[in-house]
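Enquirer: If you scroll down you'll find the structure; I have some questions about it.
Throughout, read-outs are computed from the coordinates displayed, never taken from laboratory work. Everything numeric here is computed off the predicted structure, so don't read it as measured data. Because the Cβ atoms are built from the backbone with ideal geometry, glycine has one as well, and the counts that use them run over all protein chains shown.
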Amino acid sequence: MQRTARTVIGARPSLPARILAWLDAERSAVDVTRGGGVDADATPMPDPVADRIDILRCLPFIGLHLACGLVFIAGFSWAALTVAVLLYLGRMFAITGFYHRYFSHRTFRTSRAFQLVMAIAGAAAAQRGPLWWAGHHRHHHNHSDDDRDTHSPARRGFWMAHMGWFMTPRAFSVPERLVRDWVRYPELRMLDRFDWVVPVLLAAACFALGVGLDLAAPGLGTSGFQVFVWGFIVSTVCVYHATYTINSLAHRWGRQRFATGDDSRNNMLLALVTLGEGWHNNHHHFPASTRQGFYWWEIDLTYYGLVLLRWLGLIWDLRPVPAQVLERSRAGS
Ligand SMILES: [Zn+2]
Ligand SMILES: [Zn+2]
C-alpha cells in the first residue's frame, strides 16, 4: 500500500494531519511506530506516544456516543426502533460473518464481486475498513494475551481491551504485513482509505427512509431525524460495544473448553448478543472453521446465515470443524 505520509517514530503528528486522518486514513501520519503500526515489534509497549489515547483523532467516535442523547429530542416510534434492530442484526452479521470469518480467517470462499459486497456491508458498521479490521485481528491471534496483544484485558486492563486500544496511534494504521493477501485488491484498499464514506451514506439513507416513511405512512409517527438517530447513531453504538465485548469480556468471563494458552472463554450470553462470536475459546482453539459454535446447542446465528448464503450460491467451501478437534473437546483438553 502506498503511504503518502512520512512515518515519524516517537513523535506526535501535526494537528492538520490528525484532523485530515478523519477523511483519509492513509494520510493520517499517525503511525508513530516503525512503518507497521501494531506489528512494529521494535516499538516498546507501552510507549508514551504510541499507546496514549488521541482524543482529537477519535472525536468522531466520541461524538457518536454523545449523539445517542439525541433520542430525547427525536422521540420514540416502533418504526425507528425496528430500523435500529434490523441494522444492528445486519451489521453485527457483517462484522462476524464477513470481517471476522472471511477477511480475518478466510474460512470460506466467494467471488470477487460478492467479496466487495461483504466488505461494504462490514464497512457500514463504522469499524474502519476490512484490511484494518482483519490485520489487527490477525495480530490478536498471533499474540493472544501476551505482552504485545493490544487488547488483552489481563495485560492492559478491561477498558483498554474493550475500546481504548484502537484510540491510540499504535492501532491507527493498517498492519500491512498481516494482510498481504488483501492489499492487491484496490477496491478493498479504497474502503480502508476512505472508511467514513459507507457509514455516511448509511446515515443519509436512514434519514431518507424516515422522510419516506413519514410521507407514506404518517401514522407510524416517525421522521427523517428520528430514523437517523435510532437507525444510525444508537444502532451503530450498540454494534460497537457488542463487538468490543469479544475483546474484553470474552477473554475474562465464561468457560475454557480448550487449553489455548490465552484467556479466551466460551460464553452463551455473548454468543447471543454477537450472533455467535461468544464461542471465543472454541474460536481461539480452531480459528479456521466457519462455525464457532461447535455443537448444535452452541447457538451460532452467523453460521446459520452463512449456510443460507451458501445455499443461495453466493459463498462456498465453508470450512468445517475437523473431527479430531471435536474429539479433543470431548476429552476435555
Ligand atoms: Zn480473542
Ligand atoms: Zn478470530
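Enquirer: Per q in 0.18 1/Å, what log10 I(q)/I(0) does a Debye calculation on the alpha-carbon atoms of segment 292-333 return?
Expert: -0.61
Enquirer: While we're here: Give the Kirkwood hydrodynamic radius (Å, one decimal) of the chain, defined as one over the mean of 1/r across all pairs of different Cα atoms. Please list the in-between numbers first.
Expert: Numbers: mean 1/r = 0.0485 Å⁻¹.
It is 20.6 Å.
Enquirer: Determine Rg/Rh for segment 55-165; Rg is computed over alpha-carbon atoms and Rh is the Kirkwood hydrodynamic estimate from the same atoms. Don't skip to the answer; put the middle values down first.
Expert: Working: Rg = 16.7 Å, Rh = 16.1 Å.
So for segment 55-165, dividing Rg by the Kirkwood Rh gives 1.03.
Enquirer: Within the chain, which is the longest segment that contains none of the chymotrypsin sites (Phe, Trp or Tyr not before Pro) sitting in a DSSP loop with at most 11 other Cβ atoms within 10 Å? Write down the numbers at each step before the final one.
Expert: Details: sites that count: W296, W297.
So the longest stretch without any such site is 1-295.
Enquirer: Further, regarding this structure: Would segment 243-333 count as rounded, prolate or oblate if I go by the C-alpha gyration tensor, calling it rounded below 1.5 in a/c and otherwise prolate when a/b exceeds b/c, oblate otherwise?
Expert: Numbers: a/c = 2.16, a/b = 1.32, b/c = 1.64.
Here segment 243-333 falls in the oblate category.
Enquirer: What percent do you get for the relative contact order of the chain when only Cα pairs under 8 Å and 6+ apart count? Please list the in-between numbers first.
Expert: Details: 572 pairs, mean separation 68.1, N = 333.
This gives 20 percent for the chain.
Enquirer: Suppose a student asked you for the relative contact order of segment 185-333, using Cα pairs under 8 Å spaced at least 6 residues apart; what percent would you report? Walk me through the numbers on the way to the answer.
Expert: Numbers: 172 pairs, mean separation 20.4, N = 149.
About 14 percent, as a whole number.
Enquirer: Same structure again: Just grab the label-to-label distance for V325 and Y295, each label 7 Å out from Cα along the Cβ direction, in nm (one decimal).
Expert: 1.6
Enquirer: Provide the per-residue ³J(HN,Hα) series for segment 151-159, in order, calculated from phi with Karplus coefficients 6.51, -1.76, 1.60 and θ = phi - 60°, each as a whole number of Hz, with x at glycine and proline positions.
Expert: Computed from phi, the couplings for segment 151-159 are 10, 9, x, 5, 8, 10, x, 4, 6 Hz.
Enquirer: Using θ = phi - 60° and the Karplus relation 6.51 cos²θ - 1.76 cosθ + 1.60, list the HN-Hα couplings for segment 243-253 in order, rounded to whole Hz, with x at every Gly or Pro.
Expert: Rounded to whole hertz, the list is 4, 5, 4, 5, 7, 9, 5, 6, 10, 9, 10.
Enquirer: Spelling out what I want: for every residue of segment 303-319, take phi, set θ = phi - 60°, compute 6.51 cos²θ - 1.76 cosθ + 1.60 (Karplus), and round to whole Hz; glycine and proline get x.
Expert: Karplus-based 3J(HN,Hα) across segment 303-319 equals 4, 5, x, 5, 4, 4, 5, 5, 4, 7, x, 7, 9, 8, 6, 5, 8 Hz.
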